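Quick one: the structure is below, and I'll ask about it shortly.
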Amino acid sequence: MKAATKKRKVLAIFADAGVFAAIRAYLAPSSFEINRVEDGPSALVLAANVGYDLILAHYPLADFSLYDFVRMVHDPTSPCRNTPVLLLTSAAQVEALGRRMGGALVQVLPLDAGDEAFKRVLADLVGVAAREDSRILVQIEGRTGEERVLRVCQTRNLSETGLLLHTSRLLPVGSQVGLTCQLPGDSQPLQARVEVVRHTKPDREGIAGMGVRFVDMEAAARERLRRFLRRRQDTPPAVIPPPAPSAAPQPGQAT
């Protein structure tokens, strides 16, 4: 019997029950276990004792500094020190909040981004949501500190926002390197700069690797990636015809 997939633990900070209900609809009960609180101090109490897989917060937090909250949650002694934080706010505040708070472990999304955008971000942060499960070889190249990085590895879960690199040689979260790959059916290599946003949990996800997001890609390359993903999604699965019925045995023929 196949073992049940372990649910991701989510800490949700929403003072407004209506806003939380709208976001809650995106989080399948079969995949997520959600603890909801209404303010920052209550969330800190939980984050100090539970290692969450994701923290969702509706900005602004009630009676608490967002900067202080993120700093305390990501303190080296916190069980949530490597937990990604997804901040949800009005479209008018996204750009400014992203400049101030965005980073390797913090992403910002408008509340009205829609189902598909929300699922793509979830996939990048915690590895949940359907994406194109393409197996493509990629080369990553760059420097992390004093080390020069030059590796070839296989991709998983390619999307418009990033991908999962299947490798046991992990780069630190926050590292940025160049990436080159050849999309099937495309004559030109796809080049981009990516940032490591998380390391997988092999005992839970069944794969060793690291999730990266695209931080710099030319508009033409991004459009080629979109076209590739659309083609793969629009291609119907192969239909295997049933075997032809056997001819009826003739009189006197052995069966």
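The values are calculated or read from the model by the stated rules, or taken from the named source; none is laboratory data. Since the structure is predicted, the reported quantities are computational estimates derived from the model, not experimental observations. Neighbour counts are summed over all protein chains in view; Cβ atoms, including those assigned to glycine, are modelled from backbone coordinates with ideal geometry.
Residue by residue through the stretch 139-151, note down the ones that are surrounded by fewer than 16 Cβ atoms within 10 Å (Cβ to Cβ) and either at pLDDT 80 or above or not in a strand (DSSP E or B) (or both).
Passing the criteria: GLU141, GLY145, GLU146.
Further question on the same structure: Got a number for residues in the stretch 154-192 being among the hydroxyl-bearing types (Ser, Thr, Tyr), part of a strand (DSSP E or B) and within 17 Å of MET217 (Cα to Cα)?
Counting residues in the stretch 154-192 that are among the hydroxyl-bearing types (Ser, Thr, Tyr), part of a strand (DSSP E or B) and within 17 Å of MET217 (Cα to Cα) gives 1.
Turning to a different aspect of this structure: Have a look at LEU183, LEU225, LEU190 and point out the one that is modelled with pLDDT under 85 and crowded, with 18+ Cβ neighbours inside 10 Å.
Values: LEU225 fails: modelled with pLDDT under 85; LEU190 fails: modelled with pLDDT under 85.
The unique qualifying residue is LEU183.
Return the residues of the stretch 72-113 that are at pLDDT 85 or above, among the hydroxyl-bearing types (Ser, Thr, Tyr) and over 15 Å from LEU11 (Cα atoms); say none if nothing qualifies.
THR89, SER90, listed by residue number.
Per-residue answers, yes or no, for (1) within 21 Å of the chain's Cα centre (by Cα); (2) farther than 21 Å from ARG81 by Cβ:
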| position | (1), (2) |
| --- | --- |
| ARG8 | yes, no |
| ALA17 | no, yes |
| ALA22 | yes, yes |
| GLU38 | no, yes |
| LEU46 | no, no |
| LEU54 | yes, no |
| ALA57 | yes, no |
| ALA62 | no, yes |
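Taking the residues in the stretch 193-222 that are modelled with pLDDT under 90 and in a loop (DSSP other than H, G, I, E, B) as candidates, determine which candidate is surrounded by the fewest Cβ atoms within 10 Å (Cβ to Cβ).
Among residues in the stretch 193-222 that are modelled with pLDDT under 90 and in a loop (DSSP other than H, G, I, E, B), the one surrounded by the fewest Cβ atoms within 10 Å (Cβ to Cβ) is GLY206.
Okay, next question. Please state which of the following conditions LEU170 fails to meet, knowing it meets all the rest: (1) modelled with pLDDT of 80 or more; (2) surrounded by fewer than 20 Cβ atoms within 10 Å (Cβ to Cβ); (3) of a type in the set (A, V, I, L, M, F, W, C); (4) under 22 Å from ASP68 (Cα atoms).
Of (1) modelled with pLDDT of 80 or more; (2) surrounded by fewer than 20 Cβ atoms within 10 Å (Cβ to Cβ); (3) of a type in the set (A, V, I, L, M, F, W, C); (4) under 22 Å from ASP68 (Cα atoms), only one is false for LEU170: (4).
Within the stretch 114-124, restricting attention to residues that are aliphatic (A, V, I, L, M) and at pLDDT 75 or above, which residue is surrounded by the fewest Cβ atoms within 10 Å (Cβ to Cβ)?
Step by step, filter the stretch 114-124, then rank; the result is ALA117.
For the stretch 125-138, which positions are at pLDDT 65 or above and more than 18 Å from LYS201 (Cα to Cα)? Write out each step before concluding.
Our first condition is that a residue be at pLDDT 65 or above; within the stretch 125-138, this holds for 125-126, 136-138.
Of everything in the stretch 125-138, those that are at pLDDT 65 or above and more than 18 Å from LYS201 (Cα to Cα) turn out to be ILE136, LEU137, VAL138.
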